[in-house]
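Written out below as structure tokens is the structure these notes cover.
The values are calculated or read from the model by the stated rules, or taken from the named source; none is laboratory data. Note that the structure is predicted; figures quoted are calculated from it, not measured. A quick note on method: Cβ atoms are made from the backbone with ideal geometry, for glycine too, and the neighbour counts reach across all protein chains shown. Surface areas here come from the heavy atoms of the whole protein model, side chains and all, with no ligands, DNA or RNA. Shrake-Rupley method; radii C 1.70, N 1.55, O 1.52, S 1.80 Å.
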Amino acid sequence: MPETMSAPAPHYGFHRNCTCMHPRKKMGMMHMTFFWGHNAEVLIDRWPGTDPKMYAVSLAAVFAVAALVELFSCCKLTVRAGSNRNFAAGILRTVLYTLRCGMSYLLMLAVMSFNGGVFLAAVGGHALGHLAFGSR
């Protein structure tokens with residue numbers, strides 16, 4: 001009978017006993033389903049932590065960034081053809097587009113925390129931003 005070899009245990013971090021994805025953390029894997037509660041990490045390591053007030057600040061920040069994305073999405077800069085300001089308007093449009101893309105990616109990463117409150121704050125910010133800026 002041939003002998004079977006067992007596969008080695010997975011090693012994700014720098015520490016021998018660490019089974020987490022992040023080498024500095026000694027806890028389990030991150031959430032891969034939505035969860036509710038104020039104990040979450042949004043974009044920054046250990047922020048907002050376990051403080052409900054800081055969680056509320058993080059929700060307000062996510063809401064504001066989502067509303068700003070909607071504001072930048074509906075900003076249209078129009079310049080008359082042949083004007084000397086075409087180049088400056090093009091630079092400004094590019095800067096606004098870059099800011100919108102960066103904020104959209106930050107929002108996506110925040111929602112990937114899989115916290116239900118963060119998800120609802122992002123969707124609510126987009127909805128209110130569209131209502132305020134996009135539905136004229």
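Is at least one residue of the range 32-41 outside any helix (DSSP H, G or I) and within 24 Å of CYS101 (Cα to Cα)? I'd like the intermediate steps shown before the answer.
At the first step, the residues of the range 32-41 found to be outside any helix (DSSP H, G or I) are 32-41.
Then keep just the ones that are within 24 Å of CYS101 (Cα to Cα); that gives 41.
Yes - at least one qualifying residue is present in the range 32-41.
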Here are the criteria: (1) among the polar types (S, T, N, Q); (2) free of Cβ contacts under 8 Å to residues at least 24 places away in the same chain; (3) exposed (fewer than 11 other Cβ atoms within 10 Å of the Cβ). Tell me which single one THR33 does not satisfy.
(2)
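Kindly evaluate LEU92 against the criterion of being closer than 28 Å to HIS130 by Cβ, in a helix (DSSP H, G or I), open to solvent by 70 Å² or more (accessible area, probe 1.4 Å) and modelled with pLDDT under 90. Let's see the steps before the verdict.
Numbers: closer than 28 Å to HIS130 by Cβ: yes; in a helix (DSSP H, G or I): yes; open to solvent by 70 Å² or more (accessible area, probe 1.4 Å): yes; modelled with pLDDT under 90: yes.
When the stated conditions are applied, LEU92 passes them.
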Among the residues of the range 101-136, how many are crowded, with 16+ Cβ neighbours inside 10 Å, out of contact with any Cys (no Cβ under 7 Å at 6 or more places or on another chain) and aromatic (Phe, Trp, Tyr)?
1
So, THR98, is that one surrounded by fewer than 17 Cβ atoms within 10 Å (Cβ to Cβ), modelled with pLDDT of 85 or more and either not in a strand (DSSP E or B) or not hydrophobic (A, V, I, L, M, F, W, C) (or both) or not?
yes
Which residues, taken from the range 44-59, are under 13 Å from the mean Cα position of the chain (by Cα), modelled with pLDDT of 85 or more and of a type in the set (A, V, I, L, M)?
LEU59
Single condition LYS25 does not satisfy, out of (1) modelled with pLDDT under 60; (2) open to solvent by 100 Å² or more (accessible area, probe 1.4 Å); (3) of a type in the set (D, E, K, R):
(2)
